[in-house]
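No value in this document is a laboratory result; all are computed from the given coordinates. Keep in mind the model is a prediction, meaning the values are calculated, not measured. When we count neighbours, we look across all protein chains shown, and the Cβ atoms used for this are built from the backbone with ideal geometry, even at glycine.
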Amino acid sequence: MTFEREGVPAVGVMTSAFVDGAELMGEACGAPGYPFAVIQHPISSATGEELLERAADIVRQAEGLVLAAAPQDAP
């Protein structure tokens, strides 16, 4: 949230087990409904292949979030 307040595009990433906590943190920081990307939990026991699949999904989510936040008159 700090980067975005400074005009720098950023995306928060949270594992599915901590979505509720991330939503509460957004509210506590004055950004209720703050959008973030969600990766399947757990990560520590995921195989290399599973991590690559999850990473690809996060990239798609992040791209969508950044583009959705971009000014409408941006090139």
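Of all the listed residues (Ala68, Ala46), the sole one being farther than 22 Å from Val8 by Cα and either among the aliphatic types (A, V, I, L, M) or in contact with an Asp or Glu (Cβ under 7 Å, 6 or more places away or on another chain) (or both) is Ala46. For the range 26-75, the set of residues classified as assigned to a helix (DSSP H, G or I) and touching a residue at least 24 places away in the same chain (Cβ under 8 Å) consists of Gly26, Ile58, Gln61, Ala62, Leu65, Val66, Ala68, Ala69, listed by residue number. Scanning the range 4-23 for residues that are more than 13 Å from the chain's Cα centre (by Cα) and either surrounded by 15 or more Cβ atoms within 10 Å (Cβ to Cβ) or of a type in the set (A, V, I, L, M, F, W, C) (or both) turns up Val8, Ala17.
Against the definition (within 13 Å of the chain's Cα centre (by Cα) and exposed (fewer than 11 other Cβ atoms within 10 Å of the Cβ)), how does Gly26 come out, yes or no? No.
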